[in-house]
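Notes follow the structure.
The values are calculated or read from the model by the stated rules, or taken from the named source; none is laboratory data. What you are looking at is a predicted structure, and each value in this text was computed from that prediction instead of being measured. All Cβ positions, even for glycine, are placed from backbone atoms using ideal geometry, and neighbour counts span all protein chains on display. Note: accessible area is taken over every heavy atom of the protein model, side chains too, but ligands, DNA and RNA are not part of it. Shrake-Rupley method; radii C 1.70, N 1.55, O 1.52, S 1.80 Å.
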Amino acid sequence: MKNFCAFIFSMLFFVSCQGYVVVSNPDDPSFGQESPGSERELTLVVYLAADNNLESAALEDMNEMEAAICNPLVTVLALIDRSPGYDTSDGNWSGTRLYEIVHDADGMNRTLCSKRIDCPVLEVYANRETELDMGSETTLCGILSFAKNMYPARQYGLVMWGHGTGWRSGFESSVSAEKQNAVRAFAIDDTSHSYLALSKLRNAIDQSMEGTKLLFIGFDTCFGFEFEVAYELRNCALWLCGCEGTEANSGWNYKQWFDSFLHTVPDGKEICMMVSQQFSCSADWSFGIADLSKIENAFICFDRFAQLCSSCVSTKTDLQKLHGCFNLAQSFCVSGIESDLYVNVCSLTECLMQAFPLVKENGLNTLYALQNCLTSFNDGKHFALGVYVCDIDANGNRLLLPQNAYTKGTDAENQCSFVRDSAGYVPTVSGLSTLLDKLFNTEI
């Protein structure tokens, strides 16, 4: 989330308890009284994978959630896993706890007042400490199933909180030890030495929701808004939001976000827009919102366009143009360390159209398909969505692609759907036909 360094998240929400809800205005005479028969509109699960150097940021964000006034139609469940070594506040407990967020009239005080609750499916109980593996799909599946069964609502939402590196599947032998420690997808758990590969994240949602689509999935992580992520989760939720690059250390401001829909429960796009309005990244084109029902068509168009561009590379001059496109396109990485390199898909498409005029019509169709599922910011021209290119070293020099994980036709474990389904963009075992094949394997 937070760019491989401590991140400070923030949040507010509203609370309701299974058979009743709490009114949202503390000045109301009935504040805190049970309201039988109220119907929950939204149950939101915040999955705080903080068993790492983001522990302090997680506690800060939990306090921000509590600082919010509660919307009676929304319940927020926060599953938080702490590290034993980075923060001593709130009694310096470690392990995993599940909270139903309640309002703290004292505001930000580094002490949690929310209601600890039992989750038998995960063997988490309010009266004893438990250590869960947040990098296990069983944990994510369990908390989502629990939320759906015990806090039924008209809609459900999920926020993935923590470190993030986008497309990653499993450890690759070709990647250095330093890089392996930095590119572990989502929900990195230092105690369990694990993380959630993108495909496992999707499996957990599929199994737990049993055909019900989430209203939205938000990634308060670095590299959460990539083509690979959106394509993997296209059937899991209606809307997706996150950052295609690294996030600022402050992360999302949960109190401001929750406060913005205190008296209403908007649709998925509006909820994501409310994140963008308070999020520091919204000042540039790194933050993005996607209509996941349209992402598959965008993938088909982009992959076909990439294939046509690849066929245009037949001379040394063409190859130089291709390299120039990837150099000119807006890019994202973690500076100063070995990192993944992503480029903005719309920016890359525009560069390729200029370099290879013969495929301009296909490029325009691709841009239309992309912009049809993405929300623009500022001038109406910038549409966030990243796509992986390669690894880079600490000086920004391109390295070889991972041998299996991002190569079509291999037996890589937990390979993401984007790689498996692509025919024109991702590298192949033969190394001859696709756009990234030409970029890295062609010598003319």
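Key figures for this structure:
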{"item": "All positions within region 283-326 that are in a helix (DSSP H, G or I), acidic (Asp, Glu) and under 26 Å from THR375 (Cα atoms)", "result": "GLU296, ASP303"}
{"item": "Of all residues making up region 425-444, the number that are open to solvent by 40 Å² or more (accessible area, probe 1.4 Å) and not in a helix (DSSP H, G or I)", "result": "6"}
{"item": "Residues of region 75-85 satisfying the condition of being of a type outside the set (A, V, I, L, M) and without any contact (Cβ under 8 Å) to a residue 60 or more places away in the chain", "result": "ARG82, GLY85"}
{"item": "Hits in region 307-334 (condition: open to solvent by less than 30 Å² (accessible area, probe 1.4 Å) and of a type outside the set (A, V, I, L, M, F, W, C))", "result": "SER310, ASP318, GLY324"}
{"item": "Every residue from region 184-202 that is closer than 17 Å to VAL45 by Cα and either out of contact with any Asp or Glu (no Cβ under 6 Å at 6 or more places or on another chain) or open to solvent by less than 40 Å² (accessible area, probe 1.4 Å) (or both)", "result": "PHE186, ALA187, LEU196, LEU201"}
{"item": "ALA105 vs. criteria surrounded by fewer than 24 Cβ atoms within 10 Å (Cβ to Cβ), out of contact with any His (no Cβ under 9 Å at 6 or more places or on another chain), not in a helix (DSSP H, G or I) and not basic (Lys, Arg)", "result": "yes"}
{"item": "Residue within region 133-151 that is modelled with pLDDT under 95 and of a type in the set (S, T, N, Q) present", "result": "yes"}
{"item": "All positions within region 327-336 that are under 14 Å from LEU439 (Cβ atoms) and either part of a helix (DSSP H, G or I) or modelled with pLDDT under 95 (or both)", "result": "ASN327, LEU328, SER331"}
{"item": "Any hit, region 236-254, residues being part of a helix (DSSP H, G or I) and open to solvent by less than 30 Å² (accessible area, probe 1.4 Å)", "result": "yes"}
{"item": "Residue ID - nearest to PHE302 (Cα to Cα), chosen from residues in region 383-412 that are modelled with pLDDT under 85 and crowded, with 22+ Cβ neighbours inside 10 Å", "result": "LEU401"}
{"item": "Any chance ARG40 is assigned to a loop (DSSP other than H, G, I, E, B), of a type in the set (D, E, K, R) and open to solvent by less than 30 Å² (accessible area, probe 1.4 Å)", "result": "yes"}
{"item": "Matching entry among SER339, SER293 (being of a type in the set (S, T, N, Q), open to solvent by 70 Å² or more (accessible area, probe 1.4 Å) and within 28 Å of SER276 (Cβ to Cβ))", "result": "SER293"}
{"item": "Close pairs from region 344-363: first closer than 22 Å to THR246 by Cα, partner among the acidic types (Asp, Glu) and surrounded by fewer than 22 Cβ atoms within 10 Å (Cβ to Cβ), Cβ under 9 Å, at least 6 apart", "result": "none"}
{"item": "Residues of region 203-235 classified as in a loop (DSSP other than H, G, I, E, B), open to solvent by 10 Å² or more (accessible area, probe 1.4 Å) and under 28 Å from GLU55 (Cα atoms), total", "result": "0"}
{"item": "Output for region 345-387, where each listed residue is within 24 Å of the chain's Cα centre (by Cα) and more than 23 Å from SER276 (Cα to Cα)", "result": "LEU348, THR349, THR366"}
